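Engineer: Dumping the structure here so I can ask a few things about it.
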Amino acid sequence: MTPVSSPTRLRVAATAAVALVVTGLAAACTTEGGDAEPTRSPSVAPPAPSPSATLDGAQADLDQLPLSREGITEWAAGALPPRTGDGVVANQSGWLGEGTSTQLTVSAPDEPAGAYAVDVACLGAGTITVRLDEPDDAASPGDPDATCSDETVSVEYDSSPDAPQVTLGLVGDPTAYAVRIAPVMDGAG
């Protein structure tokens with residue numbers, strides 16, 4: 001067995017440290033909102049860091065957004081249409097970018113299968129893809145259920161047989177997002 005040289009160990013340790021910090025930054029870029037509506041405990045999968053994620057990359061993402069990191073929560077509060085009914089089961093906002101993460105999954109695993117409304121707002125030069133189900137083939141996922149480019153989109157779907165889950169992906173430049181999942185009662189949104 002060949003001993004590992006000290007510079008190699010340092011590079012591996014430095015790479016691991018950067019990956020941990022970037023993952024922390026990516027996780028910090030999402031915030032729960034919902035002061036105006038009751039929000040049950042959603043589950044947010046940690047954003048998968050993009051292959052090029054770095055501390056400098058995270059700052060580069062923020063520099064390309066049309067609002068500050070702190071401004072995302074304020075923008076998100078008014079970006080989604082009002083919902084009536086039995087409250088909100090998930091409410092999340094943040095940003096996606098090549099320097100941090102290009103994919104995020106938001107779910108409400110404690111909620112029953114059924115009819116849900118998914119509202120997604122996005123602000124920036126990129127496009128956010130919205131997937132309501134896990135694709136059979138992750139390498140060839142097919143068309144998304146919706147896309148959002150500097151707008152707000154709403155989709156209703158039946159999550160049966162599982163709890164509601166939404167996966168957001170980014171195509172292009174860094175973009176801020178807000179996503180909300182709410183149950184649909186008696187056809188009312």
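The values are calculated or read from the model by the stated rules, or taken from the named source; none is laboratory data. All figures in this text were calculated on a predicted structure; none of them were measured in a lab. A quick note on method: Cβ atoms are made from the backbone with ideal geometry, for glycine too, and the neighbour counts reach across all protein chains shown.
Engineer: Does G142 meet the test of being under 18 Å from A76 (Cβ atoms), over 17 Å from the mean Cα position of the chain (by Cα) and surrounded by fewer than 19 Cβ atoms within 10 Å (Cβ to Cβ)?
Structural biologist: no
Engineer: Shifting gears a bit: Search the stretch 100-120 for residues being under 11 Å from the mean Cα position of the chain (by Cα) and assigned to a strand (DSSP E or B), and hand back the single one that is surrounded by the most Cβ atoms within 10 Å (Cβ to Cβ).
Structural biologist: Once the filter is applied, the top-ranked residue is S101.
Engineer: Look at the stretch 67-82 and say how many of its residues are touching a strand residue (DSSP E or B) at 6+ places or on another chain (Cβ under 6 Å) and within 14 Å of G97 (Cβ to Cβ).
Structural biologist: Looking only at that region, the number is 1.
Engineer: Mind counting the residues in the stretch 137-158 that are part of a loop (DSSP other than H, G, I, E, B) and either out of contact with any Gly (no Cβ under 8 Å at 6 or more places or on another chain) or over 22 Å from P82 (Cβ atoms) (or both)?
Structural biologist: First, the residues of the stretch 137-158 that are part of a loop (DSSP other than H, G, I, E, B): 137-145, 149-151.
Next, only the ones that are either out of contact with any Gly (no Cβ under 8 Å at 6 or more places or on another chain) or over 22 Å from P82 (Cβ atoms) (or both) stay: 137-145, 149, 151.
Qualifying residue count, the stretch 137-158: 11.
Engineer: E134: assigned to a loop (DSSP other than H, G, I, E, B), farther than 19 Å from T73 by Cβ and either of a type in the set (S, T, N, Q) or under 17 Å from the mean Cα position of the chain (by Cα) (or both), yes or no?
Structural biologist: yes
Engineer: Here's a check for you: in the stretch 72-99, which residue that is part of a loop (DSSP other than H, G, I, E, B) and modelled with pLDDT of 90 or more is surrounded by the fewest Cβ atoms within 10 Å (Cβ to Cβ)?
Structural biologist: Filtering the stretch 72-99 for residues that are part of a loop (DSSP other than H, G, I, E, B) and modelled with pLDDT of 90 or more, the one surrounded by the fewest Cβ atoms within 10 Å (Cβ to Cβ) comes out as E98.
Engineer: I would also like to ask the following. Only one residue in P82, P109 is on the phi < 0 side of the Ramachandran plot and in contact (Cβ under 8 Å) with a residue 12 or more places away in the chain, so which one is that?
Structural biologist: P109
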